[in-house]
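Just so it is clear, none of the values below were taken in a lab; they were calculated from the coordinates. It should be emphasised that the depicted structure is a prediction, and the values quoted were computed from it without experimental measurement. Here Cβ is always computed from backbone atoms with ideal geometry, including for glycine, and neighbour counts include all displayed protein chains.
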Amino acid sequence: MPTPRLLIIGLDCMEPSLVFERWRDDLPQLSRLMAQGSYGRLESSIPAITVPAWSCMMTGRDPGELGIYGFRNRRNRDYHSMGISDGRAVKFPRLWDYMGDAGWKVAALSVPGTSPPYPVNGNLVSCFLTPSTDVPFTHPPELAAQIRTWMPDFMMDVPNFRSDEKDRILDNLFQLCDQRFTLAEKLIIQDQLDFLMLVDMGVDRIHHAFWKPMDPRHPQYEPDSPFASAIHDYYVHVDQRVGELLNVCDADTAVLIVSDHGAQPLMGGICINEWLMKNGYLTLQESPTEPVSLDQVPVDWSQTQVWGAGGYYARIFLNVKGREPEGTVAMTDYEGLRDELAAKLTQLTTPDGEPLNVKVFKPQQIYQKVRGRAPDLIVYFDDLAWRSVGSVGMGALYTVENDTGPDDANHAPLGLMIFYDPRSPKQGQVLSGAQLYDILPTFLTRYSLEGPKDLRGKVLAI
């Protein structure tokens, strides 16, 4: 058996147009894998966000089945119950769990949704949601001490990547990337693994920090910036590290390069709660004079039917009688109000009066099941090119900035995948219609591993 039999390199947020078209000639390792294997765009989950997308990919379950609708989720029906969902919210086995049960020796490094760490048949290093290396971040626990001897300054993420400390952020990004790839190389050599998966968060972080200098489409494009080539240079570095990692693998190791979603310039923000107030759905007891989180202002819940949350997409919550503490919307009016909101939201325009391409989703229509406390509506503004801003007191419906710190990029609904198995080369086959949900069933089938029958997704012809 080759070691590893399968290598998965997850590159969070890697944008397919940059790899497949714009910079293909500058990425020799990825280009070779594309030319010899299969590749294509990969439709993300809805929402196309790191949490839950990687967990959807690795479990074959959608956000409704997982009950995870973003980084932050309602813990209960209280109005201020949003909290971060960590790996304990994922109740389904992941690809490496199926493999471990079949006797494979596995390693999962920094895959989002794995904090706190849990037992696997091999090694697990928890993800960027781990607060620091002062808390348990590995399975087995003694792996932490070994990592510290290899890398005394082991990083869980780039600290404060939404800030103006651009030089520091860039240094941290390369360090984070190098640590993940170096750790993967060491564990493959040391442990003779059957399977290894790593996820580099640096791709996502560099998009958020350095998209303006790269992209003339960005409304705040920064020509002649010293950081104009930062993202390009990082992609080239990642490509080089992919080649170095493959050099420590056996020649017939199969490799999957995959991203959970793509990226695009941040065109602006829609202040969702300002819109709800303007349209009479949300009433405050007093109006703030400067931007502030909705959680920090007194809402008149007796006069409020709907409120919203910001992020890459808008989450719309209805104040339902018998469900929320001071509900005002009768269940008999629930569907009518959802439809009314969807119809009005799709009429939103850009500040120039151009159509905005608003997509409104009902969780019950896009998920196989709906667990936990889902939003009542999920709203994409222009395929995520515009983000949702939840703050109130903005004094306007539109904003150019993110309300959580400097941010150059938004997510895009299509990520990428490149798969090459030296034992069955596909000579540059282009995949179409692939979804992130297809990854788990495809690899369970490929390696004759037993999986559940109710997985979302299909087996790809790779």
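Scanning residues 5 or more positions from GLY122 or on other chains, those with amide H under 5 Å from its amide H are VAL106, with H placed 1.01 Å from N in the peptide plane.
Taking a ≥ b ≥ c as the square roots of the Cα gyration tensor eigenvalues, with a/c under 1.5 meaning rounded and otherwise prolate when a/b beats b/c, else oblate, which class fits the range 206-360? Because a/c hits 1.5 or more and a/b exceeds b/c, the range 206-360 counts as prolate. Taken about its Cα centre, the range 68-212 carries a charge dipole of about 620 debye when Lys and Arg each add +1 at the Cβ and Asp and Glu each add -1 at the Cβ. Using the alpha carbons alone, the radius of gyration of the chain stands to its Kirkwood radius in an Rg to Rh ratio of 0.97.
Our note on the geometry: Cα centres of the range 246-325 and the range 393-462, 22 Å apart. Per-residue ellipticity at 222 nm computed for the chain from its helices equals -8000 deg cm²/dmol, with DSSP H segments shorter than 4 residues left out and the rest contributing -39,500 (n - 2.57).
Please give the direction-averaged projected area of the C-alpha convex hull for the range 333-394, in square nanometres with one decimal. Taking a quarter of the hull surface, the average projection is 5.6 nm². The orientation-averaged projection of the convex hull spanning the C-alpha atoms of the range 396-462 amounts to 8.4 square nanometres.
Taking each residue as 0.36 nm, the span from ASP164 to ASP25 lengthens on full extension beyond its C-alpha to C-alpha distance by 46.9 nm. Charging the Cβ of each Asp and Glu at -1 and of each Lys and Arg at +1, and nothing else, the dipole of the range 235-381 about its Cα centre rounds to 460 debye. Taking +1 at the Cβ of each Lys and Arg and -1 at the Cβ of each Asp and Glu, which of ILE84, GLN146, LEU7 sits farthest along the dipole of the chain towards its positive end, judged by Cα position relative to the Cα centre? The residue sitting most towards the positive pole is LEU7. Counting pairwise Cα distances across the range 109-252, what percent come out greater than 20 angstrom? That fraction is 51 percent. Stokes-Einstein, applied to the Kirkwood radius of the range 87-152 over Cα pairs at a viscosity of 1.002 mPa s and 20 °C, places its translational diffusion at 177 µm² s⁻¹. Put a plus charge on the Cβ of each Lys and Arg, a minus charge on the Cβ of each Asp and Glu, and nothing anywhere else: the dipole of the chain about its Cα centre is then about 1460 debye. Take the cross-link list LYS321/LYS369; LYS91/LYS453; LYS91/LYS426; LYS91/LYS166 and give me the ones stretching past 27 Å between alpha-carbons. Beyond 27 Å: LYS91/LYS426; LYS91/LYS166. Two numbers describe the Cα atoms of the range 343-430: Rg and Dmax, which are 18.6, 60 Å.
Counting only residues at least eight positions apart within a chain, or on another chain, the lysines with an alpha carbon under 20 Å from that of LYS105 are LYS186.
Ranked by the mean number of other Cβ atoms within 10 Å of their residues, highest first, the peptides 135-148, 261-274 come out as 261-274, 135-148.
Dividing the radius of gyration of the alpha carbons in the range 1-153 by their Kirkwood radius gives 1.00 for Rg/Rh.
Each Cα pair of the range 236-318 feeds into the Kirkwood radius, which the Stokes-Einstein equation turns, at 4 °C and 1.567 mPa s, into a diffusion coefficient of 76 µm²/s. If R₀ is 35 angstrom, what is the calculated FRET efficiency for the pair THR182 and ASP252, using the beta carbon separation as r and rounding to 0.05? It comes out at approximately 0.90.
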